[in-house]
Amino acid sequence: MKFVAVSSCPTGIAHTYMAAEALETAGKAAGHEVHVETQGAAGSTPLDPAVVAAADGVIFAADLEVQGKDRFAGKPLVDVGVKKAVHDAPGVIAQAVAAVEAARAAAPSSDASAPAAAAGTAAAATAAAKPAPAAPAAAPAAPRKVGVGTRIRQYLMTGVSYMIPFVAAGGILIALGFLLATIAWPENGAIEVTKVVDGTNGGELVAWIADGFSLGSLQSWAVLVFWIGKWAFAFLVPALSGYIAYAIADRPGIVPGFVGGFAAGLVGAGFLGGIVTGFLGGFLALWISRWKVPKGVRGVMPVVVIPLLSVLVVGVATALIIGPPLKALNDGLTNWLNGLTGTSAVLLGVILGLMMCFDLGGPLNKVAYVFATTGLVNATTSADAPAQIMAAVMAAGMVPPLAVALATAVRPKLFTEPERESGKSAWLLGLSFISEGAIPFAAADPLRMIPSFMVGGAVTGALSMAFGAGVLAPHGGFWVTPLVHKPFLFLLAILVGMVVSAALVVVVKGLGKKPEATEAAAELEEIAVS
Amino acid sequence: MTALITPDLVDVAIADTDREAVTRRLIDLLAAAGRVTDAEAFHADVRAREAQMATGMPGGIGLPHARSEAVTVPSLAVGKLVEGVDWGAPDGPARLIFLIAAPASGDADHLKILAALARRLVHPEFRQSLMDAPDAATVSDIITREVVPA
């Protein structure tokens, strides 16, 4: 039989290579061909795709996440630790042979059920055979020169893949808070829950926990869960920025990236600002770490000099260079929107929809949202004009996450595994008017995704205004539908925008440059598992 | 390129009876040869690696190793123990200890020599020839001869 294997270990200098040698030797002794990719410190030469294609089975002798797992999708796999391969390579080979035979016996024609059967026979051994993770049918990328565009995309994807868990945890908790609130309060729960306490204010929060929180109160739990979600969300932009910088400069990039991302959030620059600070911090740290310095200084470079200088520069740049124009933009847009009151309602809906979906929590989105919420004081019923603006803004803000959820559901092949997972939680986030649920998609591929979102948002905003839907609640999404004036038309507006936006996403994802898209997908997958 | 090992990095009669002391003795050899700038820091890195997963191998081998800022050049120190010392291997104590020191920032080419060493270590006849070697010079010669980067 022919096997391909991947070995790795925490240090990457010893066991990785011992396991490789042991597996090759033991394979030869048993009459099998074994090719090992050593993912260690001395660089890693990828297995020839032809060799992978010809292999009967796959062995992971890896203590680190295997890079490029998707290359082995569908083949019988044994996953053992690196130590087992070093200590008992013949046993591992025998296990792999058993897995291949079991797979053949169980399902001569179908790959899908084979690994499951293999698991049965190999379960007796210390490690279980399990199916190689399914992956988009991307051709294994041959070793290639990495262009600037690809590098930039890799940096972005690294940031995005580390950010996704924050979005998922935070978004779902916030939505859960809303859900609990709608049960806990007799009415308007999704609004009440946000008003109980300011969970980002430490003193207020501690006082509330001491005096207001009750273990037996569902309201208390709704409030707490909501704010925990908000806390996780607070790391969204810092994590994006921090891990973009990390991808560029490795460890030295983390500090300026995180601090820059935090500052970007503070000055209201949103995730687009976080991308800027991530690249700035990363390249700054990389540059400083390459300075030729005297030997005595070298020791303090990573712990003092690089973080100190890079944070200082990124901090100053964010505060003085990124901040003020955003403030001006903010003020200008607000004045402009205020001036628009009285013009065509549908046009206003279009503009607000575009703004809501452009930067998903960034400056334009915030201006539109604040414009809508501050206008609410002038509304007394949900049929008034300010309530209609609020409804249009909320409806449009729900479109991006719902659109990606729909797009990943109907065309999963266009998306990577982590994106498909994000897509599932995006349903809940979209229904809860948490536009940030679409950020992983927008940040990974802004040029394709953002315009698709904007068109959908514009459609929804225009329809909502045309229908005359209105709402007095500033947040809550689908969960405040009972408070909405003309609720069915409100939902229809969202539905139409969602479908339009999802259709555009599918089209531009599929069109564009197809090979590059799949390649990018494979990359994200790689980064996500590494 | 500096040789992976020299006779002064070999001690064929270590009498210590615990992992810490044996490791330290080998680290001191590397430090004395100027290959490790800070023995304490490197020892801490080795200890951390050992704590993740003991490096004892079947056949009486201990393989402490680490990548460390304190290491200047990829190096190997070898110790033969008078008495076996438990190194976490399933089949009993270790008699032959290989301490591998890798620089933290070494480029891939630099580290290939260590990859080659690790591959040789898997072969019982290689290990046996080192077990049988009577003195430091022989140990060093065998390794220099047999360990050639691919």
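A few notes on this one:
- Qualifying residue in the stretch A:389-403 (condition: surrounded by fewer than 24 Cβ atoms within 10 Å (Cβ to Cβ) and part of a helix (DSSP H, G or I)): no
- Residue tally, condition under 28 Å from A:Asp445 (Cβ atoms) and assigned to a helix (DSSP H, G or I), over the stretch A:339-369: 18
- Selection within the stretch A:32-76 - among the small types (Gly, Ala, Ser) and closer than 16 Å to A:Ser8 by Cα: A:Gly40, A:Ala41, A:Ala42, A:Gly43, A:Ser44, A:Ala61, A:Ala62, A:Gly68
- Which numbered condition A:Val66 misses (of (1) more than 14 Å from every other protein chain (Cβ to nearest Cβ); (2) over 27 Å from the mean Cα position of the chain (by Cα)): (2)
- Among the residues making up the stretch A:365-392, those that are modelled with pLDDT of 85 or more and under 30 Å from A:Tyr162 (Cβ atoms) are A:Asn365, A:Ala368, A:Tyr369.
- Per the conditions (1) over 15 Å from A:Gly12 (Cβ atoms); (2) within 13 Å of another protein chain (Cβ to nearest Cβ), the sole criterion not satisfied by B:Leu111 is (1).
- Flag if B:Gly88 is more than 11 Å from every other protein chain (Cβ to nearest Cβ) and more than 11 Å from the chain's Cα centre (by Cα): no
- Exclusive hit being buried (at least 17 other Cβ atoms within 10 Å of the Cβ), among the small types (Gly, Ala, Ser) and more than 13 Å from B:Leu26 (Cβ to Cβ), set B:Ser75, B:Ser105, B:Ser68: B:Ser68
- Residue check, A:Leu340 modelled with pLDDT of 85 or more, over 25 Å from A:Ala263 (Cβ atoms) and in contact with a Leu (Cβ under 8 Å, 6 or more places away or on another chain): no
- With respect to (1) at pLDDT 50 or above; (2) more than 14 Å from every other protein chain (Cβ to nearest Cβ); (3) touching a Gly at 6+ places or on another chain (Cβ under 8 Å), the lone exception for A:Ala55 is condition (3).
- Residues being closer than 20 Å to A:Asn365 by Cβ and buried (at least 19 other Cβ atoms within 10 Å of the Cβ) - total across the stretch A:301-325: 2
- Candidate set: the stretch A:9-44, residues that are over 17 Å from A:Ala96 (Cβ atoms) and touching an Asp or Glu at 6+ places or on another chain (Cβ under 7 Å); chosen: the one nearest to the other protein chains (Cβ to nearest Cβ): A:Pro10
- Residue identified as within 9 Å of another protein chain (Cβ to nearest Cβ) and either in contact (Cβ under 8 Å) with a residue 24 or more places away in the chain or of a type outside the set (Ser, Thr, Tyr) (or both) among B:Arg127, B:Arg67: B:Arg67
- Candidates B:Ala48, B:Ala44 - the one that is surrounded by fewer than 23 Cβ atoms within 10 Å (Cβ to Cβ), within 13 Å of chain A (Cβ to nearest Cβ) and of a type outside the set (D, E, K, R): B:Ala48
- A single member of A:Gly27, A:Gly40 is surrounded by 24 or more Cβ atoms within 10 Å (Cβ to Cβ) and closer than 17 Å to A:Met1 by Cα, and it is A:Gly27.
- Qualifying residue in the stretch A:370-381 (condition: buried (at least 23 other Cβ atoms within 10 Å of the Cβ) and under 22 Å from A:Phe467 (Cα atoms)): yes
- Matching entry among A:Pro115, A:Pro76 (being away from chain B (no Cβ under 14 Å), in contact with a strand residue (DSSP E or B) (Cβ under 8 Å, 6 or more places away or on another chain) and at pLDDT below 85): A:Pro115
Conditions (1) in contact with a helix residue (DSSP H, G or I) (Cβ under 9 Å, 6 or more places away or on another chain); (2) modelled with pLDDT of 95 or more; (3) of a type in the set (A, V, I, L, M), marked per residue:
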site	(1), (2), (3)
A:Tyr243	yes, no, no
A:Ile248	yes, no, yes
A:Pro252	yes, no, no
A:Phe258	yes, yes, no
A:Ala264	yes, no, yes
A:Val267	yes, no, yes
A:Leu272	yes, no, yes
A:Ile275	yes, no, yes
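- Condition check for B:Pro134 on (1) modelled with pLDDT of 85 or more; (2) within 13 Å of chain A (Cβ to nearest Cβ); (3) surrounded by fewer than 24 Cβ atoms within 10 Å (Cβ to Cβ): one failure, at (2).
- Qualifying residue in the stretch A:475-489 (condition: modelled with pLDDT under 90, in contact with a Lys or Arg (Cβ under 8 Å, 6 or more places away or on another chain) and under 28 Å from A:Asp384 (Cβ atoms)): no
- Close contacts from the stretch A:213-233, counting a first residue that is over 14 Å from A:Leu176 (Cα atoms) and a second that is at pLDDT 90 or above and among the hydroxyl-bearing types (Ser, Thr, Tyr), with Cβ to Cβ under 9 Å and a gap of 6+ residues or different chains, come to A:Phe213/A:Ser220; A:Ser214/A:Ser220.
- Test: residue in the stretch B:12-20 that is more than 10 Å from every other protein chain (Cβ to nearest Cβ), surrounded by fewer than 24 Cβ atoms within 10 Å (Cβ to Cβ), out of contact with any Pro (no Cβ under 7 Å at 6 or more places or on another chain) and of a type in the set (Ser, Thr, Tyr): yes
- Selected residue (criterion: nearest to A:Thr38 (Cα to Cα)) from residues of the stretch B:114-124 that are more than 7 Å from chain A (Cβ to nearest Cβ) and touching a residue at least 60 places away in the same chain (Cβ under 8 Å): B:Leu117
The values are calculated or read from the model by the stated rules, or taken from the named source; none is laboratory data. These numbers come from a predicted model, not from an experiment. Methodologically, a virtual Cβ is constructed for each residue, glycine included, from the backbone with ideal geometry; neighbour enumeration extends over all protein chains shown.
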